[in-house]
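The structure appears right after this line, and notes come after that.
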Amino acid sequence: MGEEWFFLYDRTWEGLLTAVFDAYVRRQFPVALIGEADTPPLFAEIHRVVADEEKAGRVERALRGKLSGAALACLSGCLYAESPALDLPLFRYVCKALEAKGSIETNYADPDVRAVTDTYRKVLRERLRMMQFVRFQKTADSTYFSMIAPDYDVLPLIVPHFADRFSEECWLIFDRRRRYGFYYAGHRAVRVTFESDAGIFRLPDGRLCDAMCDAGEQAYQELWRTYFKAICIRERLNPRKHRKDLPVRYWKYLTEKQPKRSGEG
Amino acid sequence: MKEDTLRKLRILAESAKYDVSCSSSGTVRRNAKGGVGNTVGGVGICHSFAEDGRCISLLKVMLTNYCIYDCAYCVNRRSNDIPRATLSVSELVELTLEFYKRNYIEGLFLSSGVVRNPDYTMERLVRVAKDLRTVCRFNGYIHLKSIPGASRELVNEAGLYADRMSVNIEIPDETSLKFLAPEKDHESVYRPMRYIQQGALESAEERKKHRHAPRFVPAGQSTQMIVGAAGESDRDILSLSSALYARPTMRRVYYSGYVAVNTYDPRLPVLKQPPLVRENRLYQADWLMRFYQFRVEEIVDAAHPDLDLEIDPKLAWALRHPEQFPVDVNRADYEQILRVPGIGVKSARMIVCSRRFGRLTGYDLKKMGCVMKRAQYFITCGELEAKGVNELHPEGVRALLTQPGGRRKQPDGQLSFVFKEETV
């Protein structure tokens, strides 16, 4: 009669692979995986997984022999979803992949493969949405600033896109929900955080006040709002589709959905 | 100056909005040192969605809405009394860049009314694209309209800067076109299309020899047809689309339900509403031809010249051909599975991949994203079979799938109790 084991890990890719390594070494397979912040169970043993580069590397090398690069990207990309419900499917997916003769990545009838694939698709969709819905405001010192609050932690995934696209500009994208951002200036994006009393947290919806903006900024925002209204064909109004494609939770940070500022500042 | 730009932008966007195309797909181009922008390829990026449900990917605007033509279906026709405006080349270039740097847009979609003559107009369009590409080193997306009647040299130059070019057919039947737009004919549309095609093919040939030879409209060309302005049938429209897709560079045909913009013209039908359902069915048929390996004769034929508005064209085809069903999802070819109503390209691929590992059940199919409400009548998967299209007959299936509020209905033969709801 074996006890039930819980694995506690740090929800990183390395941590996950170390957990798999530990499970095989200890010949103990967890009934659940939990993160640092989760409440530990009352009647179960807990094994604390310490992420280890070498152990994780061995598992990853083994996985490379079993799965395609796309499938590996899918597995590691899922962690951006920050979903506790996915811990166990991810763990089991890795185990199944290691034990199978061939690749299991296209077996969509398997619930774990499906859970991982579906989650990765959601992560990619959120990433696309951020590539769509980031709206920069030009500040007085010519930095382009944008605030976002994505459902998943996808900011690191969109940084390369913007670094290529606006390689000559300075820009800052800030994830308000997770309280960190990326600042790009001169060919390199760096992760930045702010003190909890910094001015950035006092911007209610990420809108900069007139004094902080570049002289032409309000005019361009108004031009964009005008364009947004003018391009709509009123005979074809379709509010349901509008809300489906542009969910209301993103409106807060969209320039075209803000009312016109009446001369303040 | 800004007030004036605001007014012009409003007028010129309102004039441009009846052009449907807005996609930014088909080109992958990384940014270059000192440049601004890139193009991601894939399905492109839509930056916003207008309240009519259409996406906003490109800054869709006209350079001018003055026009020497008087086409009955067009809002910008010469005889319409609407506000007119013209943007200068530098104004538009600046506007595009400033919008782009704020991540409002993916690039520029530039069209124009015809002023003086086609070549003069085309030259100005080319100047905008040229300035963006060479002076501002803009690497975002550019979609240029080719003006019917423009010379070959100008089209060839435009192709070097644009990602995609388009010429609109507008009315699929030439006699109707001449009736509604006496100054136009099909030849004036097909000629620039041929120029674009030849330019792209020559460039592709050239690039086989020299890797750095310039690309020519890498995202191909598109066109648009107005639906419901003349008396054409869906068969006319789709046959033309099918012929166009057979050409090497034609990527997209757009269908635009006619919005009654010029109600006073007796040559046009009186429509309360744009024919939105018909437009949607045409797009579905278009998808069947492009992604589902359907031939146009299978979708519409002499006996069924118009698409069924009540059911989608794939279901309509399946109901006309019950002998093709049921399809065994665990054995049938990909092509056969693709023809099952309720199964799309994505789920068909998943089915073909997954069945190597084991037998698939109805539950698996549902989890993979198949719409079982429709698919159930057309498949078998080795389970206790429900009644299929051959047992229920096509009319029966049709009735089941078109009944109003079908989702709420109890399945037949199930015992059900009716409880009265008590309100407290």
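The values are calculated or read from the model by the stated rules, or taken from the named source; none is laboratory data. Note that the coordinates shown come from a computational prediction; the quantities given were computed from them, not determined experimentally. For neighbour counting, all protein chains shown are included, and Cβ atoms are generated from backbone atoms with ideal geometry for every residue, glycine included.
Evaluated against (1) modelled with pLDDT under 95; (2) over 23 Å from the mean Cα position of the chain (by Cα); (3) of a type in the set (D, E, K, R), B:K8 falls short on exactly one condition, (1). Considering only region A:226-258, state which residues are more than 10 Å from chain B (Cβ to nearest Cβ) and more than 24 Å from the chain's Cα centre (by Cα). Correct list: A:Q258 only. On inspection, B:P394 fails the criterion of being surrounded by 15 or more Cβ atoms within 10 Å (Cβ to Cβ), closer than 25 Å to B:R278 by Cα, at pLDDT 95 or above and of a type outside the set (A, V, I, L, M, F, W, C).
The rows are residues; the columns are (1) over 21 Å from B:A13 (Cβ atoms); (2) crowded, with 22+ Cβ neighbours inside 10 Å; (3) among the polar types (S, T, N, Q).
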| position | (1), (2), (3) |
| --- | --- |
| B:T96 | no, yes, yes |
| B:G107 | no, yes, no |
| B:V115 | no, no, no |
| B:Y120 | yes, no, no |
| B:A129 | no, yes, no |
| B:V135 | yes, no, no |
| B:K145 | no, yes, no |
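Flag set for B:E51, criterion: surrounded by 19 or more Cβ atoms within 10 Å (Cβ to Cβ), within 12 Å of chain A (Cβ to nearest Cβ), of a type in the set (D, E, K, R) and in a loop (DSSP other than H, G, I, E, B). A count restricted to region B:318-376 and to residues that are closer than 23 Å to B:R398 by Cβ, more than 12 Å from chain A (Cβ to nearest Cβ), among the charged types (D, E, K, R) and assigned to a helix (DSSP H, G or I) stands at 4.
Those residues that are facing chain A (nearest Cβ under 7 Å), crowded, with 20+ Cβ neighbours inside 10 Å and either out of contact with any strand residue (DSSP E or B) (no Cβ under 6 Å at 6 or more places or on another chain) or over 30 Å from B:Y255 (Cα atoms) (or both), I need them from region B:6-30; list them, please. Passing the criteria: B:L9, B:E14, B:K17. On the basis of being closer than 30 Å to B:N80 by Cβ and within 20 Å of the chain's Cα centre (by Cα), does B:T223 make the cut? When the stated conditions are applied, B:T223 passes them. Of the helices (runs of 4 or more DSSP H) lying entirely inside region A:53-131, those containing at least 1 residues that are away from chain B (no Cβ under 14 Å) and among the polar types (S, T, N, Q) span A:69-77. Scanning region A:16-38 for residues that are under 12 Å from A:F91 (Cβ atoms) and β-branched (V, I, T) yields A:T18, A:V20, A:V31, A:I34. Does region A:37-51 contain at least one residue that is within 24 Å of A:D153 (Cα to Cα) and outside any loop (DSSP other than H, G, I, E, B)? No, region A:37-51 contains no residue that is within 24 Å of A:D153 (Cα to Cα) and outside any loop (DSSP other than H, G, I, E, B). May I ask you to list pairs of residues, at least six apart or on different chains, whose Cβ atoms are under 8 Å apart, with the first in region A:172-192 being in the same structural domain as A:T143 (by TED's automatic domain parsing) and within 19 Å of A:D141 (Cβ to Cβ) and the second being assigned to a loop (DSSP other than H, G, I, E, B) and of a type in the set (D, E)? As it stands, the answer is A:Y184/A:E169, since those pairs meet every condition given. If you check B:L97, B:L108 for being closer than 29 Å to A:V159 by Cα, more than 10 Å from every other protein chain (Cβ to nearest Cβ), part of a helix (DSSP H, G or I) and touching a strand residue (DSSP E or B) at 6+ places or on another chain (Cβ under 9 Å), only one passes: B:L97. Contact map, region B:18-46: first residue without any contact (Cβ under 8 Å) to a residue 40 or more places away in the chain and of a type in the set (V, I, T), second residue crowded, with 20+ Cβ neighbours inside 10 Å and assigned to a loop (DSSP other than H, G, I, E, B), Cβ cut-off under 6 Å, separation 6 or more or different chains; pairs are B:V43/B:S25. Look at region A:180-225 and say how many of its residues are of a type outside the set (F, W, Y) and either more than 22 Å from B:E94 (Cβ to Cβ) or touching a Gly at 6+ places or on another chain (Cβ under 8 Å) (or both). Summing the residues that are of a type outside the set (F, W, Y) and either more than 22 Å from B:E94 (Cβ to Cβ) or touching a Gly at 6+ places or on another chain (Cβ under 8 Å) (or both) in region A:180-225 gives 26.
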